[in-house]
Structure formats: C-alpha cells, structure tokens
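Reading through the structure tokens given below for one structure.
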Amino acid sequence: VPGSGEVEAIVVRPRTRNITINNVHIHHLYANENGKYADLPGVVRAIFIGESYDLKVTNCRLHNIQGFEDGDAIQIQTGTQQQSLNILIDNCLIYDFGKRAIKVNDGSGLTITNNTILSSSMYFIDPPLVPPLARKDSFLGVAEGIAIYGANNVLVANNTIKLYTASWLISLGSSNNVTITGNYASIYRPHLDWTEVPISRGSYTRAFYL
C-alpha cells in the first residue's frame, strides 16, 4: 500500500477499551518521504495505538513496513504515564521494518512477550517498493527492535530479536519499573558474524548498546 504522507493500516483512537487485534497480516506499507525526521510525511505504521485500555495484539504477522524516517510496525503513543493501560503485545512475528518493530512512547502497564523480531537489511529485497532515501550517516540498519520511552511498569520478556546492523536491540529512556528478562537477541554487522547475546539482566532504567 503506497501513500503520499502518513500511512497507518490499523489505528486505535484514544479512549478506547477492550480491543483485541488477533491473527492479522499486514505487509508492504510505505509512504513518500521528504528527507526530514519527525514530521508527518513518511510516517508508516502497521498498527498505531493511542490511549487505550485492556488491549491485546496477538499472533499477528507484520512485515515490510518501510520507511527510513518513521517506519514502525507497532507504535504505542498514549500521552499518559499515570493510569495502567493493560496493553499486551504477544506472539507476533515482525520482520523487515524501516525503523522500529515496537515503539512505546508514554504508557503504563505494558507487556511485550514471546515476539519474534527479524530484520535482514534496510534495503528490502522483496523487491523494494520505492528507492530509499540516503541517510546522512549512511547507516543501513534499523534503529531499534524494541524502543521504550517515557513508560512505567513495562515487562519485556521471552522475545527473540535478530537484527541486521541495528543501533539498539532494545532501548530505554525516561522510563521506570521496566523489567527485561529471558529475551534472546543477536545482531549482525558487516564483516562480522552474528553475535549471539542473551538478555536476562533484570530491570533497566537506561538505554544500552550491544
């Protein structure tokens, strides 16, 4: 599905309750980019979740979510850290995404478990739907597998993350009571072999780099 500005396949609007997104297959999304980060043109999301309560995303397959500037498979953007949202992302297969597989931007009461996150390269060969814009730093990998910013009471457990030339496998910022346990991750960098990294080190309150 091409788009000229913002492309989102499923959008859960704020103040929504008791939603289940199960066994959904979303693939090959892209939008025309303008070379600028953090603006509307070039935003691509398979699933976008606003302030929602008691929501489950389970058994979904999301892939080829393209975009250098803002290509996220699942993005949670709630605008609140105070109330428990009770959001679950479980047993999803996410691969070949532009920027992040899962991004949490504010929220409390989030569980991210049993997901498989894979990325072969920024330049998808499936074939590429649009020529990607050249990034200034010539970085060819994705940004993060899982990114958690401004969130409280988050569990990230038993996920498998295998990325090509990523910045971070899991990154955290301005968050509290985040537990990362039992995940298995590996990263590939050109001219090096896959580096296998078990992640099971308790709770983290800051980003880490592998």
Residues whose placed amide H lies under 5 Å from that of Lys162, excluding near-sequence neighbours:
Ile117, Leu118, Ser119, Ser186
So Asp54 and Ser84, fully extended at 0.36 nm per residue minus their Cα-Cα distance, gain in nm 9.9 nm
Not counting ligands, DNA or RNA, and with a 1.4 Å probe, what is Tyr53's accessible surface area in Å² rounded to the nearest 10?
20 Å²
Let me cross-check His63: its accessible surface, 1.4 Å probe, with only protein heavy atoms counted, in Å² to the nearest 10?
10 Å²
Packing rank of 69-76, 178-185, 112-119, where each peptide gets the mean count of other beta carbons within 10 Å, highest leading
69-76, 112-119, 178-185
Enter the accessible area of Ser84 (Å², nearest 10), with the probe set to 1.4 Å and all protein chains included.
80 Å²
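The values are calculated or read from the model by the stated rules, or taken from the named source; none is laboratory data. Predicted, not measured: the structure shown is a model, and the values here were computed from it. Please note: Cβ atoms are built from the backbone with ideal geometry, for glycine as well, and neighbour counts cover all protein chains shown. For the accessible areas, the whole protein counts, side chains as well, though only heavy atoms, and no ligand, DNA or RNA atoms are used. Shrake-Rupley method; radii C 1.70, N 1.55, O 1.52, S 1.80 Å.
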